[in-house]
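Novice: To start, I am sharing the structure in question, which I have written as structure tokens.
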There are 2 protein chains.
Amino acid sequence: MSFADRIRHCNSYDPARAMPLWADGHRIGWLRRDNAEALKRHGKVFEVRRDRAELLAEGSCDKVSRTVDDVVEALVAERRLPKWRNETFDVARRWGEPPIFRLDRGAVPFFGVRAYGVHLNGYRRDGDQYSLWIGRRASNKQIDPGKLDNIVAGGIGNGYGAAATLVKEAEEEAAIPAALIARAAPVGALTYRMETKLGIRDDVMFVYDFEVPDDFTPTNGDGEISGFELMPLAAILERIRTTMDFKFNVNLVILDFAVRHGILRPDDPEYLDVANGLHRPLD
Amino acid sequence: MSFADRIRHCNSYDPARAMPLWADGHRIGWLRRDNAEALKRHGKVFEVRRDRAELLAEGSCDKVSRTVDDVVEALVAERRLPKWRNETFDVARRWGEPPIFRLDRGAVPFFGVRAYGVHLNGYRRDGDQYSLWIGRRASNKQIDPGKLDNIVAGGIGNGYGAAATLVKEAEEEAAIPAALIARAAPVGALTYRMETKLGIRDDVMFVYDFEVPDDFTPTNGDGEISGFELMPLAAILERIRTTMDFKFNVNLVILDFAVRHGILRPDDPEYLDVANGLHRPLD
């Protein structure tokens with residue numbers, strides 16, 4: 001067991017098992033081949049060829065979104081997709097550009113479109129000793145129930161930016177008021193591409209650091225976290241190295257924290273695997 | 001002109017113009033094809049085939065180093081290589097492993113072996129306002145004479161680790177005493193692969209941050225820096241975006257500083273190009 005194992009786990013994507021999904025002259029997703037096969041029944045909306053698929057729907061974002069929604073509804077009926085999440089993500093050519101369409105969050109890995117989220121390291125520091133506030137995911141979460149998590153994390157829904165998502169999730173998940181979370185600073189972006197049961201996750205995590213005041217204790221408001229605990233970073237790192245206790249992608253966020261704060265150092269044999277491996281090229 | 005241009009400049013490597021160099025069952029370098037052609041005259045030491053080259057010399061690190069040195073000497077005589085630098089870098093399977101051989105620094109890009117260096121951000125902070133101590137490279141430097149540089153930077157010579165190199169270079173280049181530089185923290189590693197006149201640079205930069213005390217002014221001791229200036233980070237970033245005033249790879253180190261300290265933020269259209277583009281996969 002090693003730190004690099006945690007990173008490899010998040011980068012299980014195999015190009016041989018997928019084909020690119022195009023829209024409007026741009027590659028917008030990665031379709032696993034079985035999912036591409038399932039799309040062939042919807043040839044008016046998606047043209048699936050041997051080595052690529054293309055979204056044929058054109059028009060305004062609203063119009064394309066409705067057309068894709070009809071396909072998603074059919075896929076849910078065919079049990080190709082889990083039930084609706086009723087939360088939509090923007091699908092755009094690239095980060096910051098206007099969306100081509102909006103997609104229900106539950107369908108994002110099926111199409112392998114890039115998804116963006118925010119993750120917050122809530123830390124306390126005593127000299128060289130760091131601790132992190134760690135949440136435990138509720139037992140009814142769809143993904144990684146019961147596993148350990150950042151103090152705040154969430155997907156960036158349509159129309160939201162990274163900063164607005166952080167403010168919203170900080171309030172909902174950990175009862176951190178807007179005036180307090182304003183002290184958090186963006187510190188980078190991590191990327192990975194992973195095959196899951198549903199398809200392919202092509203994820204970007206915007207990472208924020210937040211020095212939590214000593215007199216503040218996070219409390220969950222939305223039922224997604226069953227409790228919070230302040231843990232010494234050294235113990236967290238050992239647990240990351242030797243167990244799968246943390247949600248799959250949270251391992252990466254905390255390893256990045258350890259690199260940026262000089263806890264993992266160049267004399268560690270895994271240093272370059274970690275410092276470099278947290279950043280998969282965005283193609 | 002953009003931040004991404006500075007990153008692209010450092011990643012000009014084109015696989016079609018190079019072939020892998022193998023030693024001891026591992027890919028240890030990238031040979032540009034004209035350099036590979038020149039090695040054919042030294043067929044007892046290097047076997048050059050159509051799409052790969054191999055170091056044939058075997059034995060102890062000292063023995064292999066002497067054999068490769070003889071070839072380097074011949075290449076210098078043939079004017080394929082610049083004059084000796086009389087400083088050797090370790091060539092190993094990977095960072096931290098024992099070297100297969102040592103190579104004169106002047107020959108590193110010819111063989112395209114991975115080179116490691118340290119770069120130090122020497123900063124001062126006043127609330128949200130950061131300044132960096134910036135050096136100007138002496139006019140007689142072989143690479144990028146007269147350009148702007150980090151307060152301290154240097155290649156990791158054979159037998160040195162990253163931390164020891166930092167201590168040595170901090171003393172020589174900026175007269176920062178060991179007791180003071182001990183406060184610097186490693187904060188990550190940046191990677192790029194670049195074609196130059198001499199061949200291919202496959203570089204890893206270990207980055208350190210150091211909050212410079214207000215009462216400390218760097219002074220150069222080894223003649224490599226003609227002077228130091230404290231510059232506001234905002235002005236530095238604008239200069240990076242619009243000019244080539246900084247040494248090619250120093251642009252990357254400062255962009256990383258701006259990302260880690262929340263100066264460049266996710267709402268910048270170049271944010272992901274920068275935060276992600278500073279980390280080329282190590283293959």
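Readers should treat all values here as calculations from the given coordinates under stated rules, not as data from a laboratory. Since we're looking at a predicted model, the values are computed, not measured. Please note: Cβ atoms are built from the backbone with ideal geometry, for glycine as well, and neighbour counts cover all protein chains shown.
Novice: For a protection proxy built on the mean count of beta-carbon atoms within 10 angstrom, sort A:250-260, B:267-277, A:9-19, B:185-195 highest first, please.
Specialist: Descending packing order for the listed peptides: A:250-260, B:185-195, B:267-277, A:9-19.
Novice: Another question, if that's okay. Determine the shielding of peptide B:184-197 by partner chains: average, over its residues, the number of Cβ atoms on other chains within 10 angstrom of each Cβ.
Specialist: Whole-number average of other-chain Cβ neighbours for B:184-197 is 4.
Novice: Using the beta-carbon distance between B:E73 and A:S2 and R0 = 56 Å, what value does 1/(1 + (r/R0)^6) give for FRET efficiency, to the nearest 0.05?
Specialist: 0.85
Novice: What is the minimum Cβ-to-axis distance for chain B, in whole Å, where the axis maps B onto A, and to which residue does it belong?
Specialist: B:H279, 2
Novice: Can you give the calculated 222 nm mean residue ellipticity of chain A, where each DSSP H run of n ≥ 4 adds -39,500 (n - 2.57) and the sum is split over every residue, rounded to the nearest 500 deg cm²/dmol?
Specialist: Counting only the DSSP helices, I get -8000 deg cm²/dmol.
Novice: Let me ask something additional. For segment A:6-73 and segment B:1-75, write down the distance between their C-alpha centroids in whole Å.
Specialist: The two parts, judged by their Cα centres, are 41 Å apart.
Novice: Compute the length gained on full extension between B:R49 and B:E37: take 0.36 nm times their separation in residues and subtract their Cα-Cα distance, giving the result in nm to one decimal.
Specialist: 3.4 nm
Novice: OK, next. Please get the size of the charge dipole for segment B:53-192, origin at its Cα centre, with Cβ charges of +1 on Lys and Arg and -1 on Asp and Glu, quoted in debye to the nearest 20.
Specialist: Dipole about the Cα centre, nearest 20: 280 debye.
Novice: In nm, give the distance between the simple-model label positions of A:R94 and A:T242, each being 7 Å from the Cα along the Cα-to-Cβ direction.
Specialist: Those two pseudo-labels are separated by 4.4 nm.
Novice: For the ranges B:39-52, A:97-110, A:168-181, what's the packing order if you count other beta-carbon atoms within 10 Å of each residue, average per peptide, and put the highest first?
Specialist: Order by mean packing, descending: A:97-110, A:168-181, B:39-52.
Novice: Show me the ranking of peptides B:224-234, B:152-162 by mean Cβ neighbours inside 10 Å, starting with the highest.
Specialist: For the peptides B:224-234, B:152-162, the packing ranking is B:152-162, B:224-234.
Novice: Count charges around B:E229 for me, please; just the other residues with Cβ under 14 Å from its Cβ, Lys/Arg as +1, Asp/Glu as -1.
Specialist: Once positives and negatives cancel, what remains is +3.
Novice: How big is the charge dipole of segment A:43-105 about its Cα centre, in debye rounded to the nearest 20, if each Lys and Arg gets +1 on its Cβ and each Asp and Glu gets -1 on its Cβ?
Specialist: For segment A:43-105, the charge dipole is close to 220 debye.
Novice: Report the rotationally averaged projected area of chain B based on its alpha-carbon convex hull, in square nanometres.
Specialist: Reported value for the Cα convex hull: 14.9 nm².
Novice: Kindly give the semi-axes, whole Å and largest first, of the ellipsoid equivalent to segment B:136-283, taking each as the square root of 5 times a Cα gyration tensor eigenvalue.
Specialist: Over the Cα atoms of segment B:136-283, the ellipsoid semi-axes are 23, 19, 17 Å.
Novice: Can you list, shortest first and in nm, the gaps between the label point of B:T242 and those of its counterparts in the other copies, using a point 7 Å from Cα in the C-beta direction?
Specialist: Its label point is 5.5 nm from the equivalent points in the other copies.
Novice: So what's the angle, to the nearest 10 degrees on a 0 to 90 scale, between helix B:61-77 and the longest Cα principal axis of chain B?
Specialist: So the inclination is approximately 90 degrees.
Novice: Using 0.36 nm per residue, how much length does the chain from A:D267 to A:A16 gain when fully extended, once their Cα-Cα distance is taken away?
Specialist: Extra length available between A:D267 and A:A16 comes to 86.8 nm.
Novice: I need two numbers for the protein assembly as shown: Rg to one decimal and Dmax as a whole number, Cα atoms only, in Å.
Specialist: 25.4, 75
Novice: Given R₀ = 25 Å, FRET efficiency for B:T219-B:K197 by Cβ-Cβ distance, to 0.05?
Specialist: That gives a FRET efficiency of 0.15.
Novice: Additional query: Can you tell me the convex hull volume per residue for segment A:1-125, based on C-alpha atoms, in Å³ to the nearest whole number?
Specialist: 155 Å³
Novice: Peptide B:262-274: average number of partner chain Cβ atoms within 10 Å per residue?
Specialist: Other-chain Cβ atoms within 10 Å of each residue's Cβ, averaged: 5.
Novice: Also, I was wondering about something else. In debye, nearest 20, what is the charge dipole magnitude of the protein assembly as shown about its Cα centre with +1 on Lys and Arg Cβ and -1 on Asp and Glu Cβ, if you could check?
Specialist: With Lys and Arg at +1 and Asp and Glu at -1, about 2080 debye.
Novice: Check which residues have an amide H placed less than 5 Å from B:K147's amide H, if you skip close sequence neighbours.
Specialist: Excluding prolines and chain starts, which carry no amide H, the hits are B:R137.
Novice: Kirkwood Rh, Cα Rg: Rg to Rh for segment B:107-193?
Specialist: 0.98
Novice: At a Förster distance of 41 Å, what's the computed FRET efficiency of A:E87 paired with A:Q129, Cβ-Cβ distance as r, to 0.05?
Specialist: Working from the Cβ atoms, E equals 0.60.
Novice: How many angstrom lie between the Cα centre of segment A:108-168 and the Cα centre of segment B:148-171?
Specialist: That distance is 37 Å.
Novice: Starting from the Cα-Cα distance between A:L230 and A:H26, subtract it from 0.36 nm times their residue separation and give me the gain in nm to one decimal.
Specialist: Between A:L230 and A:H26, full extension yields 69.0 nm more.
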